[in-house]
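To keep things clear, I will list the structure first and then write my remarks on it.
No lab work stands behind these numbers, since they all come straight from the coordinates. Here the structure is a predicted model, which is why all the values come from computation and not from measurement. Because the Cβ atoms are built from the backbone with ideal geometry, glycine has one as well, and the counts that use them run over all protein chains shown.
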Amino acid sequence: MAHATTDTLFDDLKTVVKDAEELLKATAGVAGEKVAAARERAEASVRSARERLSTAQEEVIERTREAAEHADEYVHRNPWQAVGIAALAGLVIGLMASRR
C-alpha cells in the first residue's frame with residue numbers, strides 16, 4: 001500500500017512538473033521584465049524539482065530493493081519463524097476481515 005502511495009506521489013509530481021513546463025512554453029511570447037524574471041525563476045524551479053524527483057525516485061527504488069534483500073535473507077536463515085509469522089499475520093487479517 002505504501003508503494004502504491006509513493007507511486008501516486010511520484011506520478012502527481014511528474015504531472016505538476018509537466019504542467020509547469022507547458023505553462024512556460026505557452027507564455028514564451030509574453031513580454032515584460034517582470035514576466036521574464038518570473039519565467040526564469042519558474043524554469044529554475046522546474047529543473048530543480050525534476051532533479052530532486054529523479055533522485056528521490058532512485059532512492060526509493062534502492063531502499064525497496066535493500067528491504068527485499070533483507071527479508072529474503074531473514075526467510076532463508078529462519079524459514080520456520082517466517083512461516084509462523086506469515087500464518088499469524090494471515091490469522092489476524094482473517095479475523096479482522098470476518099468482523100466486518
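Annotations for the structure displayed:
- Under the span-like rule (Cα at least 18 Å along the axis, Kyte-Doolittle mean at least 0.0), DSSP H helices of the chain: 79-98
- Measuring r between the beta carbons of VAL17 and GLU69 and using R0 = 22 Å, the FRET efficiency lands at 0.10.
- Computed about its Cα centre, the charge dipole of the chain is approximately 360 debye, with only Lys, Arg, Asp and Glu carrying charge at their Cβ.
- Rg/Rh, computed from the Cα trace of the chain with Rh as the Kirkwood radius, has the value 1.30.
- Placing R0 at 30 angstrom, the Cβ-Cβ distance between ALA82 and ILE61 gives a FRET efficiency of 0.80 after rounding to 0.05.
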